[in-house]
1. Using heavy-atom solvent-accessible surface (probe 1.4 Å) with all chains present, what is the largest-first order of K202, K177, K242?
2. Run the numbers on the stretch 106-200 and let me know its relative contact order in percent, using alpha-carbon pairs under 8 Å that are six or more apart.
3. For the chain, what is the calculated [θ] at 222 nm in deg cm²/dmol (nearest 500), taking -39500 (n - 2.57) for each run of four or more DSSP H residues and dividing by its residue count?
4. How big is D, in µm² s⁻¹, for the chain by Stokes-Einstein at 4 °C and 1.567 mPa s if Rh is the Kirkwood radius over C-alpha pairs?
5. Compute, for the chain, the length of the dipole vector about the Cα centre, with Cβ point charges of +1 (Lys, Arg) and -1 (Asp, Glu) only. Units Debye, rounded to 20.
6. Which log10 I(q)/I(0) values does the stretch 117-225 give at q = 0.10, 0.11, 0.20 Å⁻¹ under the Debye formula, counting every alpha carbon as one identical point scatterer?
7. Please calculate how many Å² of accessible area the chain carries per residue, with a 1.4 Å probe and no DNA, RNA or ligand atoms counted.
8. Could you report the accessible area of T234 in Å², rounded to 10, computed with a 1.4 Å probe on the protein chains as they sit in the structure?
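The values are calculated or read from the model by the stated rules, or taken from the named source; none is laboratory data. None of these values were measured; they are calculated from a predicted model. Here the Cβ positions follow ideal geometry from the backbone for every residue, glycine too, while neighbour counts run over all protein chains shown. Accessible surface is based on the protein model in full, side chains and every heavy atom, while ligands, DNA and RNA are left aside. Shrake-Rupley method; radii C 1.70, N 1.55, O 1.52, S 1.80 Å.
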Amino acid sequence: QAKVAGKNCFRFYSRAMDRAVERRVHLEHELRGAWERGELSLVYQPVFRVADRALVGAEALLRWRHPQRGAIAPSVFIDVAEQSGLIETLGPQVLGAACADAALWQARAGAPAPFVAVNLSPRQLRSGDLPAVVADCLQRSGLRPERLHLELTETAVMGDEASAGRLLSQLRASGVKVWLDDFGTGFSGLSHLRRVPVDGVKIDRSFVADILRDPDDLALTTAIIAMAHSLGMTVVAEGVEKEGQYALLRERGCNLAQGYWLGHPLPAQEFARLLG
Ligand code: C2E
Ligand code: MG
Ligand code: MG
Ligand code: MG
């Protein structure tokens with residue numbers, strides 16, 4: 001009896017797994033060429049200096065509008081792109097487009113021009129030609145290197161810290177800035193900061209979300225800010241949804257912030273309008 005049940009169980013799970021795999025393969029197939037078909041676009045979330053709420057830059061976030069299924073979350077399709085290797089072509093396309101948009105802001109804004117922050121996935125970091133891709137995007141767009149910020153997660157630099165360190169040093173030597181994204185969600189946050197050469201950290205929005213209610217989250221956020229500052233790094237808070245969170249972050253000396261209370265992600269032209 002148990003054997004039969006086990007078998008049925010196995011069949012059930014195996015069918016569910018088949019469907020999940022099928023769906024992934026399907027998505028992967030549809031994601032191929034989506035950029036060329038114009039289904040993918042970038043939106044820009046404004047980033048502000050906390051002290052005076054000056055608009056200082058934007059984070060580029062990728063959007064996929066599927067012709068039948070509508071908007072598909074980046075958490076879903078970025079993963080598919082990463083696993084399938086599609087990110088190797090998509091990544092440079094995103095980087096090129098973000099640099100081109102930011103170069104236009106550079107031309108219309110007075111000094112200092114806003115920066116653009118671009119997310120990189122672990123595979124892009126390991127691909128080997130990242131410095132060349134970055135140099136190419138900067139050269140073609142005319143964007144000044146220090147106006148390009150690269151965001152990478154702790155997990156992307158985990159494992160081989162030595163080679164990640166060399167790569168990041170090389171990128172920073174070219175003038176671009178490097179941020180550790182979703183900081184605090186990884187396992188080795190603090191020890192990492194000493195070994196990985198970055199310009200700053202982005203406090204994950206899961207911490208920011210509860211700083212008004214949870215004393216532990218406030219303590220952690222305050223500690224991250226103090227620690228980053230003592231290492232000469234800048235701190236960005238993400239996911240600021242309430243005025244109270246912003247006030248608290250300002251009180252604790254957080255440098256930059258983004259979030260729905262400050263501004264939602266916008267198409268490039270609408271973001272440019274914010275620049276006045
Ligand atoms: P992330 O880099 O941590 O991006 C921040 C995410 O938080 C974005 O979600 C943004 O829309 C969302 N967000 C911003 N402010 C708020 C807020 O006040 N409240 C809440 N609840 N959410 C807020 P999104 O656009 O869905 O992106 C999710 C993740 O997908 C990103 O996390 C990033 O890891 C990845 N991603 C997005 N675009 C790209 C890309 O071009 N390349 C790569 N490699 N990854 C990307
Ligand atoms: Mg990011
Ligand atoms: Mg983030
Ligand atoms: Mg995050």
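1. Ranking K202, K177, K242 by accessible area, largest first, yields K242, K177, K202.
2. Numbers: 106 pairs, mean separation 27.7, N = 95.
Normalised by residue count, the contact order of the stretch 106-200 is 29 percent.
3. Rounded to the nearest 500, it is -15500 deg cm²/dmol.
4. Result for D is 64 µm²/s.
5. 460
6. Listed by q, the Debye log ratios stand at -0.31, -0.38, -1.01.
7. 51
8. 50
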